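For reference, the structure discussed in these notes is given below.
Read-outs throughout are calculated quantities, based only on the coordinates presented, and are distinct from any laboratory measurement. Bear in mind the structure is a predicted one, so any value in this text is a computation, not a measurement. Here Cβ is always computed from backbone atoms with ideal geometry, including for glycine, and neighbour counts include all displayed protein chains.
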Amino acid sequence: MADDGMLLNFELPSDAFTVQKTFKGGNWKDRLTARKSAEWGRQKAQDRAAAAKRIPDFGEVQSEEEELIVPESRPSKKARTGEAPTLKHATAAKPRIPKEPHRGDVLPKTSNGEVISSLFTFNSASTEAVAKAVATTRDDDDDVQVEPSNAPLSDELATFTNLGLSPSLANHLLNKLGMKAPTAIQRKAIQQLCAADTDAFIRAETGSGKTLAYLLPIVQRIADISKQMKAAGQDFTRESGLFALVLAPTRELSKQISTVLEGLLSCCHWIVGGIVIGGEKKKSEKARLRKGLNILVATPGRLADHLNSTEVLDVSKVRWLVMDEGDRLIELGFEQDIQKIVSVLNLRGRMPATVPGLPERRTTVLCSATIKSNVDQLRSIALKDPVSIAVDPSEHAEDGSEPRDQAFSAPSQLKQSYAIVPAKQRLVTLVAVLKQAFKRKGTVMKCIVFMSAADSVDFHFEVLVGESPAGDDTARLPSTNLSRSGKIPQGNTIAEARTQGVGKACSSPENAVQLFRLHGSLQQLTRTNTLKAFATCSEPAVLVCTDVMSRGLDLPNVDLVIEYDPPASKDDHLHRIGRTARAGKPGRAMIFIMPGCEEGYIDILKEGKPRNLTRHDADDLLKKGFSPASGVVGDHSWEQAATDWQLEVERWTTEHPRHLEQARRAYQSHVRAYATHVAAERKIFDLKQLHLGHLAKAFALRDKPGSIRVPGQRPSSAAGTKGREVRRAHAGKGVGVGAGAKRKGGSAMEDVDAGAMMDEREGRNKMFARVKAMGGASEFNLG
Ligand SMILES: Nc1ncnc2c1ncn2[C@@H]1O[C@H](COP(=O)(O)OP(=O)(O)OP(=O)(O)O)[C@@H](O)[C@H]1O
């Protein structure tokens with residue numbers, strides 16, 4: 001049945017079910033084949049109609065023929081001037097843009113087979129009827145204020161000195177870093193790790209200060225060792241020994257941890273920290289290691305590499321090993337590197353150490369907001385009888401509400417919402433949400449939009465910026481699209497260079513919004529510069545990115561996170577939305593959900609018992625985003641404005657080959673990524689239920705799904721893609737992106753290798769294998 005559905009959706013000519021062709025020419029075989037084909041088409045149409053009636057989740061399912069609406073005459077094209085076409089994002093109605101046809105209008109197709117469907121008709125209906133009736137869309141501002149769960153403690157006794165930190169370190173935190181009191185997880189972790197040498201898990205919400213929760217006790221304990229050495233008449237120097245190792249999955253996160261460490265060590269300058277993450281010449285890293293370091297932050301691949309080849313790296317005195325984002329380290333396949341590191345530490349750690357005050361045994365700490373099942377792998381490799389350091393949820397249930405589930409909870413003050421958006425309206429609704437967010441200056445400072453694939457990020461960036469960087473694929477760049485420094489990194493292609501521009505689609509006359517894009521396929525230098533530019537941008541800014549940005553990164557002033565594409569797992573969801581509402585600050589997060597089976601995700605959102613969970617409907621969002629400021633009640637001009645905008649983007653896409661290819665790539669990568677959800681969530685994100693025709697509209701495509709081809713990618717009909725993705729998803733039994741098995745070869749892996757796969761999630765296995773082959777120097781790209 002499923003395959004039948006796919007064939008119907010993608011393979012057949014659009015008139016297969018309506019037009020009875022008469023074949024006069026050819027031999028009897030041709031005529032027989034033609035007749036059978038026509039009969040088969042009719043049969044399938046009947047099957048499909050019957051199947052549609054059996055899918056209550058999707059409400060009334062219309063036939064493909066009904067929902068495709070073609071204007072009587074194509075919108076007139078702009079005169080070609082030789083200039084790159086630009087996307088004006090105009091909201092005023094233009095005479096050349098056709099009015100929305102009425103529901104049920106069936107008009108002749110254009111000669112080139114393009115189809116333009118209406119934004120507002122034949123959309124799937126929400127299945128959450130009851131919830132809709134009860135929870136009407138509210139403004140987030142109406143929500144109750146909630147006590148933040150990840151803020152520093154207000155208890156007078158909760159001071160850093162009371163936890164065992166020296167007055168000088170506590171003063172430094174207060175005076176130099178502006179931290180008066182510890183957070184709840186810091187209180188627990190500092191007390192535990194300062195007093196005992198047992199292995200530990202640290203699990204607490206995103207933005208709750210876990211980095212300092214493990215760094216502070218380590219710095220304090222090493223400061224104590226230095227005191228004892230001094231008392232014993234020995235000098236403590238950078239050559240006294242490497243006492244602590246911190247591992248993190250990405251270079252960005254490692255750099256961030258190293259920066260926090262440097263900030264701490266400026267009050268005890270005799271303790272020296274360092275970092276090895278690759279990307280630099282190994283020679284200079286070796287030179288740094290030779291000089292001696294007391295605390296080292298590293299990515300696992302690079303450290304394992306140095307343990308192999310850098311003799312001066314003496315790990316015999318390492319007494320603290322921290323694995324930050326421990327679950328992600330396993331997800332990304334660093335298990336073997338970690339195994340190697342731990343066995344070297346075990347072997348060399350047996351050598352007698354002559355450092356006064358050095359603990360007998362090594363303490364291993366695992367840290368993440370979502371450490372759960374896959375930690376077993378790390379437990380068996382590196383941990384012995386670990387204690388769990390977590391914040392008791394009841395500590396935050398002062399209002400009498402039930403304690404929230406520790407396994408899956410976001411900061412309590414984070415205002416979460418979901419938007420029920422039909423496939424066709426996704427793009428235009430995203431723009432409406434951004435327009436509304438940045439309507440007034442100062443409401444939202446920074447926003448992160450998560451997408452599932454690098455190609456999709458690139459396409460949406462171009463649409464939101466609204467201008468082509470290069471007419472006819474030449475290298476001309478309009479000055480408005482240069483980076484703020486006005487420079488394009490040398491040696492990069494245009495696509496590589498342009499990671500920043502003015503987001504015209506979401507800017508208002510009073511509020512210009514800077515737009516950035518980031519994903520794992522960009523060059524290292526571009527990534528570093530873009531991240532820095534977004535973090536330091538003093539104007540309102542939107543970052544469109546993949547999950548490469550979802551873990552651990554602490555970017556200032558992010559007040560809104562939009563999950564435009566669903567996360568691959570609920571852990572990923574938690575980390576994504578955790579980029580806002582950090583350290584007690586407020587924040588908002590919105591996830592786009594399509595009507596139908598995707599609405600099952602609302603139950604997953606509710607698992608975290610969010611104190612604020614609001615429902616939005618696409619129409620309301622579109623109305624807010626596209627209504628003119630002077631709009632009157634009952635005015636429907638927003639519908640026309642949204643339609644105009646959509647048609648403008650479609651024309652911009654179809655009229656320029658580069659944009660068209662980019663849109664097609666984005667669409668294909670999106671569909672591929674859709675197949676990588678964890679097994680437990682595959683019923684919710686069911687590829688078989690995805691309406692590819694409607695989805696194509698969200699990529700501003702007028703192609704029929706079956707005819708979407710991308711040069712350089714494996715030639716495949718959408719039906720083939722869909723079938724293959726379904727098989728791939730099922731081949732990886734129980735794993736999507738969130739677990740290890742699918743990453744370790746087998747049929748799923750072979751399938752990934754077979755295609756020119758630029759989709760980030762699925763490509764990670766492949767990339768990992770590649771970087772390992774290159775000497776493990778590029779963990780950074782694995783995101
Ligand atoms: N005691 C404190 N007082 C005030 N701010 C703090 C305190 N501890 C940490 N912070 C700030 O809180 C923010 C989040 O810290 P951190 O990045 O360590 O969180 P995290 O729990 O590791 O988050 P994630 O799970 O997303 O990695 C940082 O900006 C940090 O400077």
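Here are some notes:
- Amide H contacts of Ser508: Val513, each under 5 Å away and 5 or more positions distant or on a separate chain (H built 1.01 Å from N in the peptide plane; Pro and chain starts excluded).
- Relative packing of peptides 189-196, 204-211 - highest average C-beta neighbours within 10 Å first: 204-211, 189-196
- Over 31 Å (Cα to Cα) - which of Lys210/Lys446; Lys188/Lys441; Lys188/Lys227 fall in this group: Lys188/Lys441
- Projected area averaged over orientations for segment 575-615, convex hull of C-alpha atoms, nm²: 3.3
- Virtual paramagnetic centre 7 Å along Cα→Cβ of Val387, amide N under 13 Å, in segment 200-217: 200-202
- Point-to-point label distance, His269-Arg350, nm (Cα→Cβ direction, 7 Å offset): 4.2
- ³J(HN,Hα) computed for each position of segment 417-431 - Karplus, 6.51 cos²θ - 1.76 cosθ + 1.60, integer Hz, glycine/proline x: 8, 10, 10, 8, 10, x, 3, 5, 9, 4, 4, 5, 6, 4, 5
- Which listed pairs, of Lys532/Lys688; Lys281/Lys317; Lys415/Lys504; Lys532/Lys585; Lys624/Lys697; Lys176/Lys281, have C-alpha distances above 31 Å, in listed order: Lys532/Lys688; Lys176/Lys281
- Only Cα sites of segment 169-267 enter the Debye sum here, all with the same form factor; the resulting log10 I(q)/I(0) across q = 0.10, 0.21, 0.23 1/Å is -0.30, -1.30, -1.46, listed in q order.
- Counting charges near Glu239 (Lys, Arg +1; Asp, Glu -1) among other residues having Cβ under 14 Å from its Cβ returns a value of +3.
- Out of every Cα-Cα pair that segment 567-667 contains, those further apart than 16 angstrom amount to 72 percent.
- Across segment 582-591, computed HN-Hα scalar couplings (Karplus, 6.51 cos²θ - 1.76 cosθ + 1.60, θ = phi - 60°) run 9, 6, x, 7, x, x, 10, 9, 10, 10 Hz from first to last residue, x flagging Gly and Pro.
- In Hz, Karplus ³J(HN,Hα) per residue of segment 382-388 (6.51, -1.76, 1.60; θ = phi - 60°; x = Gly, Pro): 10, 10, 10, 6, x, 8, 9
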